[in-house]
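Please treat every number below as a calculation from the coordinates, not as lab data. Just so it is clear, the structure is predicted and the values come from calculations on it, not from any experiment. Positions of Cβ are backbone-derived with ideal geometry, glycine not excepted, and every protein chain shown enters the neighbour counts.
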Amino acid sequence: MGSFNKQNITEVSSMAASDELGSLTRAFSGLGVDENALITILGKWHPEQRQSFRKGSRDFFVEDERQFERWDDRHILQLRHEFLRLKDAIVLWTMHPWERDARLLKESLYKGPQYNVLVEIACTRSSEELLGARRAYHSLFDHSIEEDVAFHVHGPERKLLVGLLSSYRYEGPKVNAEVAKFEAKALSESASKKSLIEDEELVRILSTRSKPHLKAIYKHYKEISGNYLDEVLDTSLRYDVDEITKEAVTRVIVTRADADMKQIKEEYHNKYGVNLSKRIEDVANGNYRDFLLTLIARGD
Amino acid sequence: MATIVFPDHPSPVADAEALRKACQGWGTDEKAIISILGRRNAIQRKLIRQAYEDLYQEDLVKRFESELSGDFEKAVYRWILDPEDRDAVLLHVAIKKTPILDYRVIVEFSCIYSPEELLAIKRAYQIRYKHSLEEDLAQHTTGDLRKLLVGLVSIYRYKGEEINVKIANSEADKLHGAIKEKGFNDEEVIRIITTRSKAQLLATLNHYKDDHGSSITKHLRDDPSSDYLCALRTAVRCINDHHKYYEKVIRLALNKAGTDEDSLTRVVVTRAEKDLKEIKELFHKRNSIPLDHAVAKDTSGHYKAFLLTLLGKQD
């Protein structure tokens with residue numbers, strides 16, 4: 001420790017300040033907010049320190065022509081999403097799975113429609129879970145999900161989406177190997193056609209066959225029919241994606257925590273060489289991060 | 001209302017014993033079988049089957065299959081199964097029919113039964129055949145007929161009574177437009193008929209009638225060889241007034257040179273505990289002869305006796 005003089009104190013305090021600046025910037029970046037950092041740092045800063053934060057922070061503030069640092073509107077909007085992330089996760093987590101899926105389906109119809117969410121729910125839920133979601137949809141929205149999707153989707157995707165959402169698949173293990181082989185061949189022939197998604201046989205096979213049967217078909221294809229949700233998580237656990245993509249984090253983790261999270265974590269690790277929890281620690285903040293980590297650690 | 005007459009306090013054990021006696025020895029006492037089974041409701045029949053199994057370690061259904069024959073055996077077989085199981089069997093038989101599946105049965109069940117009843121049948125189908133009804137149906141159909149039938153069977157319709165008048169109007173117009181363009185296989189026609197709730201669909205069909213002077217079925221007659229059009233008309237009839245529809249099925253079954261026993265059995269067996277009474281009354285009104293008389297005229301033997309018992313004949 002050197003001699004105390006004003007210069008040293010200024011140096012020390014400016015180093016501390018830049019550390020705090022870093023922490024604060026991090027607290028506002030990524031998924032969710034670091035509530036503790038915000039409270040301990042921002043809470044104690046004097047007006048001058050807050051001003052210097054505003055001046056130094058080109059990401060969040062712009063220099064207004066009337067000589068004040070103005071918060072970037074887009075960032076305020078973004079902050080709203082980040083603060084709400086925990087609330088959305090908690091509400092979704094507490095809901096009955098049927099209501100949860102029904103609301104997710106409705107929301108994805110409004111926003112887009114987001115075909116990937118419709119397909120995700122239709123294909124990852126069991127027959128009874130999907131049926132339950134359709135029942136809940138009746139109660140909540142006075143329509144069937146099938147009629148709403150059929151009404152709002154106009155393109156060639158309509159038949160496949162309605163087919164997938166109205167499926168009530170046989171869940172037994174019995175598979176007719178001959179038929180699976182035959183259908184794999186039929187699909188490979190369809191693949192050369194122009195509008196694959198409208199192809200009658202594709203729609204028929206994907207929306208009516210049992211999952212074990214479909215796996216048998218994929219095997220003939222030598223395709224990897226792994227749990228694609230790990231890929232969804234990888235894409236959405238980033239800093240530079242839009243809000244809709246970020247929402248997949250809450251959705252996938254909350255809806256699969258009780259189902260196949262263990263498998264998703266394994267696939268994630270195999271594919272990307274890093275633990276899902278580490279990735280969440282890097283990208284998410286505060287209570288939202290802790291909630292996600294708790295959910296994915298269940299049943300470990 | 002149901003037509004069958006059943007006692008208040010039957011004894012499944014006594015019934016099982018009586019049925020055993022009817023099947024023992026040379027020949028079969030069909031009269032006894034008819035008078036017992038023909039006067040028991042679904043729950044009572046299930047208990048009899050269970051009692052028979054407990055007493056004699058044999059499935060009553062198997063016993064009947066070996067003792068009885070012809071149209072009588074088919075009718076008794078359909079009567080003794082659990083209703084959902086029986087309907088699953090009827091659907092399977094209809095799908096496997098050659099050269100073309102009997103789409104009327106598919107349309108009937110998917111349009112007349114409630115969504116919950118249809119679900120129960122689909123479950124029974126999966127248990128019995130280790131496939132879903134949808135996948136078997138899809139595999140045996142193509143083109144527009146497939147789209148219509150698979151849609152009718154898969155979609156879990158909303159059950160509420162709410163009606164959106166704006167939509168009823170616009171969809172009635174869409175239907176009319178599709179028909180004018182002769183594009184009956186227009187995606188919108190199938191979408192409307194297969195996904196809307198029954199209440200909404202009825203409102204749409206009524207608007208159609210109000211706006212265009214006649215029921216939509218009159219405008220769907222263009223190509224008599226088109227199974228798809230015929231199935232579409234059947235769907236509309238079943239949704240609109242299924243008593244009227246069933247009366248016609250029976251009337252045509254009896255009119256045929258030779259009688260269409262399969263259809264006759266199907267209607268009597270599946271509606272005897274539901275609304276066969278209303279269908280009977282409609283038949284009488286339409287044909288000026290009671291249904292019992294018409295059936296007696298066109299059928300014979302134990303099959304006739306069984307049908308008449310299910311129609312409510314007291315001994």
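Counted by Cβ distance under 11 Å from B:ASP29, the other residues give a net charge of +1, where Lys and Arg count +1 and Asp and Glu count -1.
All C-alpha to C-alpha distances of chain A, sorted into 20 Å bins beginning at zero, yield P(r) values of 26, 48, 20, 6, 0 percent in whole numbers.
Summing Cβ point charges (Lys, Arg +1; Asp, Glu -1) relative to the Cα centre of the stretch B:83-141 gives a dipole of roughly 220 debye.
For the stretch A:234-297, the dipole from Cβ point charges (+1 on Lys and Arg, -1 on Asp and Glu) about the Cα centre works out to 140 debye, to the nearest 20. Of the residues A:LEU202, B:LEU68, B:SER114, the one whose Cα sits farthest toward the positive end of the charge dipole of the protein assembly as shown, with +1 on the Cβ of Lys and Arg and -1 on the Cβ of Asp and Glu, is B:LEU68. The charge dipole of chain B, taken about its Cα centre with unit charges on the Cβ atoms of Lys, Arg (+1), Asp and Glu (-1) only, comes to about 460 debye. The C-alpha atoms of the protein assembly as shown occupy a region whose extents along the principal axes are 121, 61, 51 Å, arranged from largest to smallest. A Gaussian network model of chain A, with springs between Cα atoms under 10 Å, assigns the largest mean-square fluctuation among A:ASP101, A:ASP148, A:ASP230 to A:ASP148.
Rounded, prolate or oblate, given the Cα gyration tensor of the stretch A:234-297, with a/c below 1.5 counting as rounded? Verdict is rounded for the stretch A:234-297.
Partners of B:LYS256 within straight-line reach, counting aspartates and glutamates whose Cα lies under 13 Å from its Cα and excluding those fewer than 8 residues away in the same chain: B:ASP298. Listed by Cβ neighbour count within 10 Å, with the fewest neighbours leading, B:THR265, A:THR235 appear as A:THR235, B:THR265. Neighbours of B:ILE193, meaning other residues whose beta-carbon lies under 13 angstrom from its beta-carbon, give a summed charge of +1 when Lys and Arg score +1 and Asp and Glu score -1.
Computed from backbone phi, the HN-Hα couplings of the stretch A:266-276 come to 5, 4, 4, 4, 4, 7, 10, x, 9, 6, 4 Hz, rounded to whole numbers (Karplus: 6.51 cos²θ - 1.76 cosθ + 1.60, θ = phi - 60°; Gly and Pro given as x). In terms of the Cα gyration tensor, with a ≥ b ≥ c the square roots of its eigenvalues, is the stretch B:12-68 rounded because a/c is under 1.5, prolate because a/b exceeds b/c, or oblate? Oblate, because a/c is 1.5 or more while a/b does not exceed b/c.
If you run the Gaussian network model on chain B, springs between alpha carbon atoms under 10 Å, then out of B:GLU53, B:GLU30, B:GLU73 the most flexible one is B:GLU53. Apply the a/c threshold of 1.5 to the C-alpha gyration tensor of the stretch A:24-174 and tell me whether it is rounded, prolate or oblate. Taking the square roots of the gyration eigenvalues as a ≥ b ≥ c, the stretch A:24-174 is prolate. Here's the picture: charge each Lys and Arg Cβ at +1 and each Asp and Glu Cβ at -1 in the stretch B:12-68, and of B:ALA18, B:ALA42, B:GLN57 the one pushed furthest to the positive end of that dipole is B:ALA42.
Summary of packing: across the peptides B:123-134, A:269-280, the per-residue average of other C-beta atoms within 10 Å ranks them, highest first, as B:123-134, A:269-280.
The simple spin-label model puts a point 7 Å past each Cα toward its Cβ; for A:LYS211 and B:ASN41 those points are separated by 3.9 nm. The residues B:GLU181, B:GLU65, when put in order of fewest to most other Cβ atoms within 10 Å, stand as B:GLU181, B:GLU65.
In loop segments of the stretch A:64-152 as defined by DSSP, the GluC sites (Glu not before Pro) with at most 13 further C-beta atoms inside 10 Å of their C-beta are A:GLU65.
Within the same chain, aspartates and glutamates fewer than 8 places from A:LYS211 are excluded, and of the rest, those with a Cα less than 18 Å from its Cα are A:GLU120, A:GLU128, A:GLU129, A:GLU171, A:GLU178, A:GLU183, A:GLU201, A:GLU223, A:ASP260, B:GLU134, B:GLU135, B:ASP136.
Where the centroid of each part is defined by its Cα atoms, how far is the stretch B:249-273 from the stretch A:76-143 in Å? When both Cα centres are located, 47 Å separates them. Per residue of chain B, the DSSP helices (runs of n ≥ 4 H) give a summed -39500 (n - 2.57) that works out to -21500 deg cm²/dmol at 222 nm. Legend note: in the protein assembly as shown, cysteines whose Cβ sits 4.7 Å or more from every other cysteine Cβ are A:CYS123, B:CYS23, B:CYS230. Computed over chain A, the per-residue total of -39500 (n - 2.57) for DSSP H runs of n ≥ 4 gives a 222 nm mean residue ellipticity of -20500 deg cm²/dmol, rounded to 500. Pairs exceeding 31 Å between alpha-carbon atoms, taken from A:LYS106/B:LYS180; B:LYS97/B:LYS174; B:LYS198/B:LYS274: A:LYS106/B:LYS180; B:LYS97/B:LYS174. Ranked by how many other Cβ atoms sit within 10 Å of their own Cβ, fewest first, the residues A:THR25, B:THR309, A:THR94 fall in the order A:THR94, A:THR25, B:THR309. Among B:PRO83, B:PRO224, B:PRO99, determine the one that fluctuates most according to a GNM of chain B built with springs between C-alpha atoms less than 10 Å apart. Residue with maximal mean-square fluctuation among B:PRO83, B:PRO224, B:PRO99: B:PRO99.
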